[in-house]
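Trainee: Let me begin by handing over the structure; questions about it come next.
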Amino acid sequence: MNKLMIYIKLYNFSVNDYFDWGWKEMDEDIKYLIKKVERSVFAGNRAAAAKKLGEIGDFDAVPVLLKALEDSSSKVKVAASEALGEINDPDAVPGLTNMLADPESSVKKAAIIALGKIGTPEAVSGIVKGFKDPDKLIQKESVKALMKIGSAEAVSGLTSAFVFSDSSLKRISIIALGKMNTYEAARGIIKALEDPDNRVRQQAIETLGKRGTPDILPEMMEMLNNPVQPVQEAASEALCKIIGASESVPVLVKALDASDRKVRKASIEALWKVGTSEAVSALLREIDDEDWYLRSRAADALADIASPEAAIGLAKALDSHDTSVRKVIVSALGKIGALETIEGLVKALDDPESSIREAAALGLGKTGKTEAVPGLLKALNDSKNTVQEAAAASLGDIKAKEAVPEMLKILEDPESLIHKTVISSLEKIGTPEAVAGITRALESPDASVRKAASKALEKVDKSGTALDNVKNLETSGFKVLH
């Protein structure tokens, strides 16, 4: 409230009384400037005086400045508007709002900037009228003014731009809301995801993604259920950007409940980056996702994190009755290859699915641990050749000397189909007994087995030591062939 209103109310002055008294009390410089605004025949002088009154900032100048808004010169109207903005008197809002009907863009721009400085709800209502102006510059100034105000009313004002057909107005309003970076502003941007114009939706997606704050996650999740397909897609894309920038496990866990596959994928990959025990717990839950690809991504994430919690959790999850889930789990355990995975992989050797037993045998080989040997020895007698072969290969990778007697039995079995794999593993183990078994294989009726044995012996012969030991071996029961 300016000085005029105060004195009228407090002292029961009339307006004329105030001016008679106030004029006597008023600073001589202000008196001079007011006279100049009112009486100078030169528009430049009137404008300069109005500008100076704004710099002084005395409320006594408001009445004459409001009168100056009706000046015939646009230069004076601009100066008066700017001065009123500097003085920041809410009583000037109606007069400034009226300036938005002026034919001159410079006048309208000055009025909008002044209203933005005053910033009251009434000023916001005035600024919003600038959206209807055909001049893009005025629309832009209106958006900038509301953004600077930053109040809840300003947010409401910016979102009101979405009812207009002008795509560029809506897009710059979205950008302004993004720069305000408040929860209320973000909720305003969400409304733009329902816009029929794809350019507007894309601007909303980009702006929400850059903002990256997950405070609007519940609202965004709700948007995924929108019956309009383009709106769903826009919400999904925006959510993926928000989730991708988040490191908050509770937020990412909530996103795993999304109906949209892309959102769940984004959450899995974000949890993957986080890699904490809390993230591992969430990823283990995703092993049961209805989507096979997401199950696989969660398993890959756990395998890459490779923590004891991940290994133990995966092993426990093997109790699942879903074959595809068990395959994913065993594959992940195999990639981890740590001591904690052995129990789960050995357990998987009893799986009814041979492909899972095969993957488990190969996974045990990747651990490189002797604790895996008993399970692999058992798998050498599996009913499926593929499982036997995987077990034999893994025993070779581990260099399990205790496996040599069982492997030699396999070489003596004419019905076995894994002789070449056994020969390769015996060469890796490299004990005299193992080499003696390879030499015996040179007598095989199968040319491919003889060739495999010959190549294996060439590798062994490079050191010479193993062959010399075989020659002196009296307990092997094998004849060394040269």
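Trainee: Suppose the filter is surrounded by fewer than 22 Cβ atoms within 10 Å (Cβ to Cβ), of a type in the set (Val, Ile, Thr) and over 17 Å from Ala301 (Cα atoms); does Val325 pass it?
Mentor: no
Trainee: So, Ala111, is that one surrounded by 21 or more Cβ atoms within 10 Å (Cβ to Cβ) and in the same structural domain as Ser73 (by TED's automatic domain parsing) or not?
Mentor: Yes.
Trainee: Considering only region 222-236, I want to know if a residue exists there that is closer than 25 Å to Leu333 by Cα, surrounded by fewer than 16 Cβ atoms within 10 Å (Cβ to Cβ) and touching a residue at least 24 places away in the same chain (Cβ under 8 Å).
Mentor: Checked against the condition, which is being closer than 25 Å to Leu333 by Cα, surrounded by fewer than 16 Cβ atoms within 10 Å (Cβ to Cβ) and touching a residue at least 24 places away in the same chain (Cβ under 8 Å), region 222-236 yields no hits at all.
Trainee: Any residue in region 362-379 that's over 18 Å from Pro405 (Cα atoms) and in contact (Cβ under 8 Å) with a residue 12 or more places away in the chain: show its pairings with residues that are charged (D, E, K, R) and in a helix (DSSP H, G or I) at Cβ separation under 6 Å, as long as the two are six or more apart or on different chains.
Mentor: Final answer for the pair search is Gly365/Asp397.
Trainee: Answer yes or no as to whether Ala441 is over 23 Å from Gly368 (Cβ atoms), more than 56 Å from the chain's Cα centre (by Cα) and among the small types (Gly, Ala, Ser).
Mentor: So Ala441 fits the description; yes.
Trainee: Can you give me the number of residues within region 257-271 that are over 13 Å from the mean Cα position of the chain (by Cα) and within 14 Å of Ser281 (Cα to Cα)?
Mentor: Selection size over region 257-271: 0.
Trainee: If you take the residues of region 82-92 that are surrounded by fewer than 21 Cβ atoms within 10 Å (Cβ to Cβ) and not acidic (Asp, Glu), which of them is nearest to Ala49 (Cα to Cα)?
Mentor: Going through the qualifying residues, I end up with Asn88.
Trainee: Kindly check whether there is at least one residue in region 66-84 that is over 23 Å from Ile138 (Cβ atoms), in the same structural domain as Pro134 (by TED's automatic domain parsing), out of contact with any helix residue (DSSP H, G or I) (no Cβ under 6 Å at 6 or more places or on another chain) and among the acidic types (Asp, Glu).
Mentor: No, region 66-84 contains no residue that is over 23 Å from Ile138 (Cβ atoms), in the same structural domain as Pro134 (by TED's automatic domain parsing), out of contact with any helix residue (DSSP H, G or I) (no Cβ under 6 Å at 6 or more places or on another chain) and among the acidic types (Asp, Glu).
Trainee: Does Glu38 satisfy the condition of being closer than 22 Å to Ile127 by Cβ, modelled with pLDDT of 90 or more and charged (D, E, K, R)?
Mentor: Judged against the criteria, Glu38 is not a match.
Trainee: Let me ask another. Could you check how many residues of region 410-424 are of a type in the set (D, E, K, R) and modelled with pLDDT of 95 or more?
Mentor: The total comes to 1.
The values are calculated or read from the model by the stated rules, or taken from the named source; none is laboratory data. Keep in mind that what you see is a predicted model, and the values were worked out from it rather than measured. Here the Cβ is made from the backbone with ideal geometry for all residues, glycine too, and neighbour counts use every protein chain on show.
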